[in-house]
1. Looking at segment 107-138 only, could you name the residues that are touching an Asp or Glu at 6+ places or on another chain (Cβ under 8 Å) and farther than 13 Å from His41 by Cα?
2. Please go through segment 111-129 and pick out each residue that is in a loop (DSSP other than H, G, I, E, B) and not acidic (Asp, Glu).
3. Working only within segment 10-46, note down all residues that are aromatic (Phe, Trp, Tyr), under 21 Å from Ile96 (Cα atoms) and at pLDDT below 95.
4. Is it true that some residue in segment 30-44 is crowded, with 16+ Cβ neighbours inside 10 Å, part of a loop (DSSP other than H, G, I, E, B) and touching a residue at least 12 places away in the same chain (Cβ under 8 Å)?
5. Only one of (1) at positive phi; (2) charged (D, E, K, R); (3) at pLDDT 95 or above is not met by Arg91, so which one is it?
6. On the given criteria, is Leu127 of a type in the set (A, V, I, L, M) and surrounded by 17 or more Cβ atoms within 10 Å (Cβ to Cβ)?
7. Is it the case that segment 91-98 has a residue that's among the basic types (Lys, Arg) and within 27 Å of Val138 (Cβ to Cβ)?
8. Name every residue in segment 76-110 that is outside any strand (DSSP E or B), touching a residue at least 24 places away in the same chain (Cβ under 8 Å) and either out of contact with any His (no Cβ under 8 Å at 6 or more places or on another chain) or of a type in the set (S, T, N, Q) (or both), in order of residue number.
Amino acid sequence: MQNYPRIELEKLKNYSMCFGCGQDNPIGLKLKFTWDGNTAHAEFTPGENHQGWAGYIHGGVTAALLDESIGWAALFAGFHSVTARMETRYRKMIPIGKPIRLTCTITKQTSRLLETAAKIVSQDGTLMAEATSTQFIVSPHDENENRDA
């Protein structure tokens, strides 16, 4: 049996300052996700402050978009999780000023882990970037739980 680390995080009730989705975070991405019962969806238009090479989104911002998609797929499916591993494939440079679509689905679930697949596509459906991840499911801290179990 694999020994997983014990992670305790307080479940957030207010995501307003989250870098990815927080609507009150002045430097955040302000993403808004929807759920169709299987897939998390969002649209985003990168601006000049998201660029790396002139005219194109920074790779770190691309990874943040994918990671946020992953987090929302888990959350919509009823899980609080943290990213244990994420592998990102950059397919095309993403231009700033043009809308993109983000999607993520859960591809596998165990008692402690989720596996996901996230994508960024252009408005015409061209695959721009994709990621797979392993998410560690975080349980809420329970004062009555045996911490040594």
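The values are calculated or read from the model by the stated rules, or taken from the named source; none is laboratory data. Quick caveat, the model's predicted, so the values are computed rather than measured. With ideal geometry, Cβ positions are generated from the backbone for all residues, glycine too; neighbour counts draw on all protein chains shown.
1. Answer for segment 107-138, where residues must be touching an Asp or Glu at 6+ places or on another chain (Cβ under 8 Å) and farther than 13 Å from His41 by Cα: Thr107, Lys108, Gln109, Ala131, Thr132, Ser133, Thr134, Gln135, Val138.
2. Ser111, Arg112, Gln123, Gly125, Thr126
3. Once the filter is applied, which keeps residues that are aromatic (Phe, Trp, Tyr), under 21 Å from Ile96 (Cα atoms) and at pLDDT below 95, segment 10-46 yields only Phe19.
4. There is at least one residue in segment 30-44 that is crowded, with 16+ Cβ neighbours inside 10 Å, part of a loop (DSSP other than H, G, I, E, B) and touching a residue at least 12 places away in the same chain (Cβ under 8 Å).
5. (1)
6. Spelling it out, it is not the case that Leu127 is of a type in the set (A, V, I, L, M) and surrounded by 17 or more Cβ atoms within 10 Å (Cβ to Cβ).
7. No: zero hits.
8. Phe76, Ala77, Phe79, His80, Arg91, Lys92, Met93, Ile94, Gly97, Lys98, Pro99
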